[in-house]
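Readers should treat all values here as calculations from the given coordinates under stated rules, not as data from a laboratory. Since the model is a prediction, treat every value here as computed from it, not as a measurement. Here the Cβ positions follow ideal geometry from the backbone for every residue, glycine too, while neighbour counts run over all protein chains shown.
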Amino acid sequence: MSRPVLVVVVSAVLLLALLVLTGSNHLSDRVFVPTEVVVLTGVAAHGEMIPLPTYADDTLATEDECQWTVGVNTVYYPNSGALFKGITCTTGDPHPRSVSVVLAMQMSSDHYGSANYMIIATRTEPASSVSERSWGEVKAGYR
């Protein structure tokens, strides 16, 4: 599926979900409508920042338009006999999109790895009030 088609399909699905979840019966009930959704995935090493996605018109998404998630990709476990304490994979220190992947060891120094990330940017704009009629009234006009 090409990128423009994928963006349109994802936008349509999100709009439908928004309408169902809000129980909107009037066209003017919607405050904001997603106009474009961009998804970026990749791998970031410990200390790197997750990049912001770019919209189809080549504008960079803002951090406020984005949601992201990370998961462990690779952590190097040394065969040193030290006891394994735990793995953490987070974002937010020192910057909200900074990746941290740490393998904590007991009585040994910590080791670092990399993380898979997925960042989703959603561009929205205010919905236009085209009608004060309900969906039922609009449909009845075409029967």
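Charges were assigned to the Cβ only: +1 to each Lys and Arg, -1 to each Asp and Glu. The resulting dipole of region 40-123 about its Cα centre is roughly 380 debye.
Protection proxy ranking of 42-51, 55-64, by the mean of other Cβ atoms within 10 Å over each peptide's residues and highest first, is 42-51, 55-64.
The listed peptides 116-123, 134-141, 91-98, ordered by packing as a protection proxy, come out as 116-123, 91-98, 134-141 (highest mean of other Cβ atoms within 10 Å first). For GLU137 and SER98, the difference between the fully extended length at 0.36 nm per residue and the C-alpha to C-alpha distance is 9.0 nm.
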